[in-house]
Amino acid sequence: MKNTLTLLAAALSVGAQAADLSFSGQAVNHNDKIVIDFQVAAGSTVNLWTDSWQSGLNFDPQLFLTSGGNIVLEDDDGGSAINAGAGYYDAGLQFTAAGAGSYRLVLNAASNTSLGASLGDGFAYDADAPIALVDWNQPSYDVNANDQKGGFWRLNLSGVEQAALVPEPGRIGLMLAGLLSMTLVLRQRQRKQ
């Protein structure tokens with residue numbers, strides 16, 4: 001079991017020195033949040049941007065950067081200022097780290113704004129019943145194009161030491177249930193032999 005958890009932790013983590021990393025996935029609902037923890041070295045110039053809006057094919061993303069639980073930077077549509085590959089509604093942040101440290105980055109749909117200066121204050125859509133992105137009209141939605149219905153997201157990090165996608169609590173429960181099921185099946189097979 002310990003080896004399985006170690007392997008699982010290694011699979012969720014990517015490490016390097018001053019690396020350029022990319023994470024991607026699929027959001028389903030308007031209030032989904034993608035969370036990535038990363039570390040930087042002192043003096044590092046860090047660029048964070050999405051390039052998944054793809055001219056309206058996918059939802060309009062926004063980014064919140066936190067340090068010690070406090071939101072220190074946020075952006076809705078500045079991705080193309082950080083990287084030419086980002087689209088008009090992609091998000092982007094840039095900063096120079098004064099010292100080595102850990103940060104948390106939250107990616108969610110634009111207009112799901114923070115309710116305060118702390119990540120613990122939550123976001124505007126946290127209490128909402130989830131609405132599937134294919135059924136939701138974002139505020140930047142173009143009624144003539146019926147756009148921004150896709151859930152694909154991609155987040156690029158440049159100048160970070162290491163980064164890891166933080167699983168949602170529900171997914172952690174599913175992974176633990178799966179591991180427990182596998183353990184029970186293995187024990188049952190061992191007893192039969």
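For the stretch 35-71, filtering for residues that are acidic (Asp, Glu), within 16 Å of Leu105 (Cα to Cα) and in a loop (DSSP other than H, G, I, E, B) leaves 1.
Within the stretch 137-168, being surrounded by fewer than 19 Cβ atoms within 10 Å (Cβ to Cβ) and of a type in the set (Val, Ile, Thr) holds for Val143, Val166. As for the stretch 136-144, it holds no residue that is hydroxyl-bearing (Ser, Thr, Tyr) and at pLDDT 95 or above.
In summary, Asp90 fulfils each of the numbered conditions (1) over 16 Å from Gly150 (Cβ atoms); (2) without any contact (Cβ under 8 Å) to a residue 60 or more places away in the chain with the single exception of condition (1). Just one of (1) surrounded by 20 or more Cβ atoms within 10 Å (Cβ to Cβ); (2) of a type outside the set (Val, Ile, Thr); (3) within 25 Å of Gly150 (Cβ to Cβ); (4) in contact (Cβ under 8 Å) with a residue 60 or more places away in the chain fails for Tyr103. It is (3).
The values are calculated or read from the model by the stated rules, or taken from the named source; none is laboratory data. The structure displayed is predicted, hence computed values, not measured ones. Virtual Cβ from ideal backbone geometry, glycine too; neighbours counted across all protein chains shown.
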